[in-house]
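What follows is one structure encoded as structure tokens, with my remarks underneath.
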Amino acid sequence: MASSFWNRFFSGLVFLCFGFLGLITSPAEAAIKNYQFDVQVKNVSRLCHAKSIVTVNGRFPGPTIYVREGDRVVINVTNHAQYNMSIHWHGLKQYRNGWADGPAYITQCPIQTGSSYTYDFNVTGQRGTLWWHAHILWLRATVYGAIVIMPEQGTLFPFPQPYREAEIILGEWWNVDVEEFVKKANNLGLAPNTSDAHTINGKPGPLFPCSEKHTFVMEVEQGKTYLLRIINAALNDELFFAIAGHNLTVVEVDAVYTKPFTTQAILIAPGQTTNVLVQANQASGRYFMATRPFMDAPVPIDNKTATGIFQYRGIPNTVLPSLPQLPASNDTSFALSYGKKLKSLNTPNFPANVPLKVDRKLFYTIGFGKEPCPTCLNGTRFVASLNNISFEMPLVGLLQAHYFNLKGVFKTDFPDRPQTPFNYTGYQPFTVETHPFHLHGYNFFVVGTGIGNFDPAKDPANYNLVDPVERNTVGVPTGGWTAIRFRADNPGVWFMHCHLELHTGWGLKTAFVVEDGPGSDQSVLPVPKDLPPC
């Protein structure tokens with residue numbers, strides 16, 4: 001599963017703690033929501049360029065899944081495209097049911113062209129905004145959509161009830177075939193090109209050429225409050241988002257309610273979701289909603305601004321919208337202060353059950369380097385690592401190997417800490433940058449973060465163990481560290497990786513094997529009959 005990573009250049013720090021396997025409760029009686037996903041190629045046009053993209057049901061972005069907490073969801077995916085496909089239901093915990101998680105060669109082999117697979121799972125103890133996306137190659141550039149989980153029947157939001165809701169999915173767009181240029185870049189040992197535009201609900205907005213008709217418009221009524229379910233589906237960029245003249249009140253991240261706070265802009269990393277309330281309380285008019293990247297390191301990015309329009313009812317389209325004041329693209333202070341404002345709601349109905357007892361401590365360093373590649377353009381290629389180990393994709397799903405006790409597929413000797421201590425966040429030839437890390441199958445609590453090297457003797461004293469934010473994807477700051485805690489109460493094999501697709505492809509990933517517990521309800525569910533063959 002992994003090979004030794006020869007170069008010791010590091011750009012971040014992740015420190016994780018988790019507890020023993022606990023009791024998993026069974027879901028209550030629930031409705032069954034059925035969906036059919038047809039993966040198919042469609043011709044589309046953006047930025048004066050036409051090309052074929054992979055879609056679900058011919059839609060870009062793909063269809064939204066609407067469910068209620070406690071529902072059972074059955075999604076049949078049929079692959080009509082020329083690429084193998086798997087789909088991940090990002091943020092759903094999939095209790096005992098890694099077979100429905102979706103990352104290719106981790107919990108399943110991909111769905112081959114002309115074949116189908118049925119994802120069957122329960123939505124247990126979660127409500128809010130999540131999302132789904134392709135989890136193989138760079139196909140999530142166009143294969144993604146929202147998941148909206150409503151609270152149980154008769155349960156209200158723990159914040160003012162909105163008049164209406166809207167999904168806002170932020171993404172990236174390339175004018176060329178994404179899979180082709182990534183394949184070419186990998187063969188040459190180079191980083192692929194940055195995107196040509198960002199998008200809001202698949203549309204770049206009128207600041208781009210040929211995009212007047214490719215603009216997302218949200219019509220609102222004066223005096224009403226709206227809930228925006230914002231998702232960052234971009235492959236490689238953390239993004240700011242704001243609406244000109246309007247404040248945003250953050251009430252949820254990654255399908256977990258937060259203590260509300262008001263801000264002029266949000267910061268959202270790839271893989272993350274953020275729910276905000278916005279009041280249509282300004283002078284009736286047309287206002288740009290806008291998004292552009294955050295990057296506080298000298299790394300090439302697509303720094304263009306995508307826009308949509310927040311338009312009051314009755315205002316003609318001839319009125320020119322105003323632009324919001326987004327933070328500067330390298331505004332580290334905004335990023336750090338925004339992160340500190342995120343806290344769990346922590347009420348009797350929505351408690352923050354932070355693990356206080358730690359059974360095992362893991363100290364992970366994020367690293368970058370180069371390794372020899374005789375066929376590459378410069379004789380080397382980029383590699384990324386955790387604790388000096390770069391992940392190599394297997395040819396068999398890791399969950400299958402674990403479940404059937406197949407030998408030689410993966411090792412369980414991943415080190416709990418770097419084998420050779422050094423200055424993890426000091427100067428290095430390969431530039432440091434922020435990394436959004438996603439853990440499949442779990443939420444975790446972000447109990448601490450800081451700049452510079454983590455100090456195990458001093459930093460834990462400042463952990464927030466009362467109301468830390470709970471989420472499934474967290475940004476490890478540039479030249480810094482993040483500490484998370486979670487309880488290992490979900491048996492199976494669970495992927496953990498950087499959600500920048502560029503870095504994932506270079507090996508910045510690993511997997512946790514969580515063994516079964518002693519009870520009959522603490523073991524991995526049986527293998528589905530239609531699990532794709534390897």
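Details
- Count of residues meeting criterion [within 22 Å of S116 (Cα to Cα) and either out of contact with any strand residue (DSSP E or B) (no Cβ under 7 Å at 6 or more places or on another chain) or assigned to a strand (DSSP E or B) (or both)] in the range 68-91: 14
- Any hit, the range 162-185, residues being in contact with a helix residue (DSSP H, G or I) (Cβ under 8 Å, 6 or more places away or on another chain) and surrounded by fewer than 24 Cβ atoms within 10 Å (Cβ to Cβ): yes
- The sole residue among A191, A197 that is of a type in the set (G, A, S) and open to solvent by less than 10 Å² (accessible area, probe 1.4 Å) is A197.
- Contacts under 8 angstrom Cβ, first residue in the range 181-207 being in the same structural domain as I301 (by the TED database) and in contact (Cβ under 8 Å) with a residue 12 or more places away in the chain, partner in a strand (DSSP E or B) and surrounded by fewer than 17 Cβ atoms within 10 Å (Cβ to Cβ), 6 or more apart: G189/T380
- Odd one out for R8, checked against (1) open to solvent by 40 Å² or more (accessible area, probe 1.4 Å); (2) modelled with pLDDT of 95 or more: (2)
The rows are residues; the columns are (1) open to solvent by less than 40 Å² (accessible area, probe 1.4 Å); (2) closer than 27 Å to H135 by Cβ.
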residue	(1), (2)
I243	yes, no
V256	yes, yes
S284	no, no
R292	no, yes
F310	yes, no
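- Residues in the range 221-236 that are open to solvent by 10 Å² or more (accessible area, probe 1.4 Å) and in contact with a Leu (Cβ under 9 Å, 6 or more places away or on another chain) were compared, and the one that is farthest from F157 (Cα to Cα) is N236.
- Count of residues meeting criterion [of a type outside the set (A, V, I, L, M) and in a loop (DSSP other than H, G, I, E, B)] in the range 352-407: 18
- Subset of the range 507-522 (residues that are open to solvent by 30 Å² or more (accessible area, probe 1.4 Å), part of a loop (DSSP other than H, G, I, E, B) and modelled with pLDDT of 95 or more): E515, D516
The values are calculated or read from the model by the stated rules, or taken from the named source; none is laboratory data. As the structure is a computational prediction, the values presented were derived from the model and not from experiment. Using ideal geometry, Cβ is built from the backbone for each residue, glycine included, and neighbour counts are taken over all protein chains shown. Note: accessible area is taken over every heavy atom of the protein model, side chains too, but ligands, DNA and RNA are not part of it. Shrake-Rupley method; radii C 1.70, N 1.55, O 1.52, S 1.80 Å.
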